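The values are calculated or read from the model by the stated rules, or taken from the named source; none is laboratory data. Fair warning: this is a prediction, and the values are worked out from it, not measured in the lab. Here the Cβ is made from the backbone with ideal geometry for all residues, glycine too, and neighbour counts use every protein chain on show.
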Amino acid sequence: MILVFRAKSVRCSSAIGGEILQVCFDTMPASGDEEERDTPYVLVSQSFEFPGPATIEWHDGSDYDGGAKIVAVTLARDRALIKLKRNMEIDISFSIGDRRFAQLRSYLRRMLDDGVLITSPEPVAAGNSRRP
């Protein structure tokens with residue numbers, strides 16, 4: 001299965017002095033009502049308080065899901081392709097400024113294990129999560 005969407009917002013946040021990091025790609029504003037959600041989002045979280053890999057949850061426009069192992073994240077200037085162990089890919093396009101992109105790349109580098117994050121200097125074609 002492939003979940004494809006364009007994020008209207010990309011938010012990076014931290015809590016407890018950087019012990020918890022989150023990256024959210026969302027089609028709704030942060031003030032949106034989750035009870036009425038019918039559009040996709042993806043949230044990647046890492047808690048350094050507890051051992052283990054980053055976690056992921058998402059809404060596909062119909063239902064919530066999560067818990068799959070993140071196999072690879074290919075990050076380009078305008079797109080993130082996330083490959084999950086459950087034979088699922090999430091293809092997110094976005095448009096953010098240079099500072100916000102640098103922050104996104106920094107957060108993902110800190111959150112993901114070595115070898116999971118792949119950065120691409122070129123835009124990545126939709127549905128193609130192979131290494132550039």
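Would you check which residues across region 67-106 are in a helix (DSSP H, G or I) and crowded, with 19+ Cβ neighbours inside 10 Å and list them? Across region 67-106, the qualifying residue is only 104. Of the candidates 74, 55, the single residue that is among the β-branched types (Val, Ile, Thr) and farther than 26 Å from residue 16 by Cβ is 74. Of all residues in region 22-53, those that are modelled with pLDDT of 95 or more, out of contact with any Phe, Trp or Tyr (no Cβ under 6 Å at 6 or more places or on another chain) and not hydroxyl-bearing (Ser, Thr, Tyr) total 6. Among the residues of region 26-33, is there at least one that is closer than 22 Å to residue 112 by Cα, loosely packed, with under 14 Cβ neighbours inside 10 Å and not aromatic (Phe, Trp, Tyr)? No: region 26-33 contains no residue that is closer than 22 Å to residue 112 by Cα, loosely packed, with under 14 Cβ neighbours inside 10 Å and not aromatic (Phe, Trp, Tyr). State whether one or more residues within region 115-131 are modelled with pLDDT of 90 or more and surrounded by fewer than 16 Cβ atoms within 10 Å (Cβ to Cβ). There is no residue in region 115-131 that is modelled with pLDDT of 90 or more and surrounded by fewer than 16 Cβ atoms within 10 Å (Cβ to Cβ). Which residues, taken from region 34-67, are of a type in the set (Gly, Ala, Ser) and more than 15 Å from residue 13 (Cβ to Cβ)? Answer for region 34-67, where residues must be of a type in the set (Gly, Ala, Ser) and more than 15 Å from residue 13 (Cβ to Cβ): 52, 61, 62, 66, 67.
Condition check: of a type in the set (Phe, Trp, Tyr) and either in contact with an Asp or Glu (Cβ under 9 Å, 6 or more places away or on another chain) or in contact (Cβ under 8 Å) with a residue 12 or more places away in the chain (or both). Does residue 5 satisfy that?
Numbers: of a type in the set (Phe, Trp, Tyr): yes; either in contact with an Asp or Glu (Cβ under 9 Å, 6 or more places away or on another chain) or in contact (Cβ under 8 Å) with a residue 12 or more places away in the chain (or both): yes.
Yes; evaluated as a whole, the condition is true for this residue.
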